[in-house]
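> First the structure, which I've put down as structure tokens, then a few questions once you've had a look.
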């Protein structure tokens with residue numbers, strides 16, 4: 001039989017820690033956190049991937065901005081050419 005000090009082990013649904021609880025009082029006797037398989041090498045690999053991704057995004061932004069600048073320059077030149085083709089508008093006070 002039991003001696004009145006039964007212990008329950010419960011897994012926390014949030015952090016996956018194992019809690020050892022005394023059944024009679026409901027007090028937490030021991031907590032054992034879940035071990036992670038996270039290593040320094042994994043963290044370093046993630047940092048390298050983020051750096052590569054950031055570099056690619058930066059290069060794409062630079063090329064998009066260059067393309068935008070060239071497009072605006074072309075539109076500006078077209079507008080200047082059209083300005084030369086247009087006649088001066090007649091002013092109403094010049095008609096007298």
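> Look at the range 13-44 and say how many of its residues are in contact (Cβ under 8 Å) with a residue 12 or more places away in the chain and touching a strand residue (DSSP E or B) at 6+ places or on another chain (Cβ under 9 Å).
The number of residues fulfilling the criteria is 12.
> Are any of the residues in the range 75-90 under 24 Å from the mean Cα position of the chain (by Cα), surrounded by 10 or more Cβ atoms within 10 Å (Cβ to Cβ) and without any contact (Cβ under 8 Å) to a residue 60 or more places away in the chain? Reasoning before the result, please.
Applying the first criterion (under 24 Å from the mean Cα position of the chain (by Cα)) to the range 75-90 yields none.
No, the conditions are met nowhere in the range 75-90.
> Please specify each residue of the range 1-11 satisfying the condition of being at pLDDT 85 or above and either part of a loop (DSSP other than H, G, I, E, B) or out of contact with any strand residue (DSSP E or B) (no Cβ under 8 Å at 6 or more places or on another chain) (or both).
If the condition is that a residue be at pLDDT 85 or above and either part of a loop (DSSP other than H, G, I, E, B) or out of contact with any strand residue (DSSP E or B) (no Cβ under 8 Å at 6 or more places or on another chain) (or both), then 6 is the only one that fits.
The values are calculated or read from the model by the stated rules, or taken from the named source; none is laboratory data. No experiment lies behind these values; they were computed from the predicted model shown. Cβ: placed from backbone, ideal geometry, glycine included. Neighbour counts: every protein chain shown.
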